[in-house]
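The values are calculated or read from the model by the stated rules, or taken from the named source; none is laboratory data. On a predicted model such as this, the values are computed, not experimentally measured, just so you know. Because the Cβ atoms are built from the backbone with ideal geometry, glycine has one as well, and the counts that use them run over all protein chains shown. All accessible areas refer to the heavy atoms of the entire protein, side chains included, with ligands and DNA or RNA removed. Shrake-Rupley method; radii C 1.70, N 1.55, O 1.52, S 1.80 Å.
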Amino acid sequence: MALTGKLETETEIKAPADKFFKIFRSQAHHLPNICSDKIHKIEVHEGDWETQGSVKHWSLTVGENSESIKETVDQIDEENRSITFKVLDGEVLKDYKSYKFTTQAIPKGEGCLVIWTIEYEKASEGGPDPHNCLEFSVNITKDIESHLVNG
């Protein structure tokens, strides 16, 4: 059984790619207002809201579990509207030695296709695949869509 893995999901939304990307690129502090039942608080721990390498602490609910993570922006690709986050600390690292997640917004008509990718290394052979985190990503994508389209 492989200890490393990669999961991906795609969600088509009616919001423009640039606006979706901007939420994660520079406006993550709005996420607790946009999806308050899932993301409760995000605070800058080091740096700021926009700079690659800045560290943020998130308090969230994934499924029925309250969790916190500390992440850093590992990579920003403005041209492809893609951001990769690397988890530095938090409950998720009980099951994984390493954990990165990427969001990308690809223009499609008047909306966009949002792709979430999770790359991970399990801490042990019997550890779970992070399907619950992919579901969480789809759910916040829909909340952001609603905010951008109706807000």
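The accessible surface of the chain, taken with every protein chain in place and a 1.4 Å probe, is 42 percent carbon and sulfur. Per-residue Karplus couplings for the range 97-107, computed as 6.51 cos²θ - 1.76 cosθ + 1.60 with θ equal to phi - 60°, are listed in order as 6, 9, 7, 10, 9, 10, 10, 9, 10, 10, x Hz, Gly and Pro entered as x. Springs between Cα atoms under 10 Å define the GNM used for the chain, and in it the highest mean-square fluctuation of Ala105, Ala28, Ala123 occurs at Ala123. Solvent-accessible surface of the chain, taken per residue with a 1.4 Å probe and all protein chains present: 53 Å². For the chain, find the longest principal axis of its Cα atoms and tell me its angle to the long axis of helix 131-150, 0 to 90°, nearest 10. Long axis of 131-150 versus the principal axis of the chain: about 10 degrees. Computed about the Cα centre, the dipole magnitude for the chain is approximately 140 debye when only Lys and Arg (+1) and Asp and Glu (-1) carry charge, each at its Cβ. Per residue, the chain reaches -7000 deg cm²/dmol at 222 nm when only DSSP H runs of four or more residues are counted, each adding -39500 (n - 2.57). Which one, Ala17, Ile118, Asn132, projects farthest toward the positive side of the charge dipole computed for the chain from Cβ point charges (K/R +1, D/E -1)? Farthest along the dipole direction, towards plus: Ala17.
Once a ≥ b ≥ c are taken as the square roots of the eigenvalues of the Cα gyration tensor of the range 1-47, is the result rounded (a/c under 1.5), prolate (a/b larger than b/c) or oblate (a/b not larger than b/c)? Oblate, since a/c reaches 1.5 and b/c is not below a/b. Using only the alpha carbons of the chain, what is the convex hull's orientation-averaged projected area in square nanometres? Here the figure is 8.4 nm², rounded to one decimal.
Each of Val87, Trp58, Ser26 was placed along the dipole of the range 19-96 (beta-carbon charges, centred on the mean Cα), and the one lying farthest toward the positive end is Ser26. Stretching Ser26 away from Asp48 to a fully extended chain increases their span by 7.0 nm, per 0.36 nm per residue minus the current alpha-carbon distance.
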